[in-house]
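J.: Below you will find the structure I want to go over with you.
Bear in mind that the values in this text are calculations on the coordinates, not laboratory data. This one's a predicted model, so the numbers in the text were calculated from it and none came from an experiment. Here Cβ is always computed from backbone atoms with ideal geometry, including for glycine, and neighbour counts include all displayed protein chains.
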Amino acid sequence: MFKEFRLVRMSLLWTMTAILMCLHETYDVTNIMFGIDVKMPGADGTVPAIKHVLRLIFDIGSMLIAVLILYTQPKWLRWTLLVWAAVVVPANILHLIEVRKENPSHYSQIGIMVLELMISIFLCIDHYKWVKEPNGK
């Protein structure tokens, strides 16, 4: 029972991560409605390939992880997700600092980043416990 609960919880947290990543991008362009120019310097109307790669990794990747956790639990996956969760925590910290410096009054964006950081810490803890369980059970 506890194992299933943890798997569902981790899956839900990864799903929330994907949703928050999408909201994060949406909040970036919300400023357009208020007349603030959000166009990146040198932008020519083409979305850079790296932007697509980042969306695949963080948005779609988080959803894929959520599904994999529910349907498969091999040891290599548990270790991979622990490492990934551990990498995401400092990345979220650095990005939160960056967003805070760029626009300290963008409270909704900062709120999303704080929530994302909290979730990534919870994921790190849960994935650590999952790796330490014998046979992931």
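J.: Give the order of Ile50, Ile69 when sorted by the count of other beta carbons within 10 angstrom, beginning with the fewest.
T.: Working: Ile50 8, Ile69 25.
So the ranking, lowest neighbour count to highest, is Ile50, Ile69.
J.: List the lysines whose alpha-carbon lies under 19 Å from that of Lys51, not counting same-chain residues fewer than 8 positions away?
T.: Lys39
J.: Then there's this: Tell me the relative contact order for segment 31-137 as a rounded percent, counting alpha carbon contacts under 8 Å between residues six or more apart.
T.: Relative contact order comes out at 31 percent.
J.: Which of Tyr27, Tyr107, Tyr128 has the fewest other C-beta atoms within 10 Å, and how do the rest follow up to the most?
T.: Tyr107, Tyr128, Tyr27
J.: Now a separate question. Can you put Leu56, Leu81, Leu7 in order, fewest other beta carbons within 10 Å first?
T.: Listed from fewest to most nearby Cβ atoms, that is Leu56, Leu7, Leu81.
J.: Can you list the aspartates and glutamates whose alpha carbon is less than 19 Å from that of Lys129, not counting same-chain residues fewer than 8 positions off?
T.: The reachable aspartates and glutamates, counting only those whose Cα sits under 19 Å from Lys129, are Glu4.
J.: Within 10 Å, count the other beta carbons around each residue, average over each peptide in 97-104, 35-42, and list them highest first. Walk me through the intermediate numbers first.
T.: On the way: 97-104: 11.8, 35-42: 7.2.
Result, highest mean Cβ count within 10 Å first: 97-104, 35-42.
J.: Kindly express, to the nearest 10 degrees and within the range 0 to 90, the angle between helix 61-71's C-alpha long axis and the longest C-alpha principal axis of the chain.
T.: Helix 61-71 and the main axis of the chain meet at about 20 degrees.
J.: So which lysines can Lys132 reach, going by Cα to Cα under 16 Å and dropping same-chain residues fewer than 8 places off?
T.: Cross-link targets: Lys3, Lys75.
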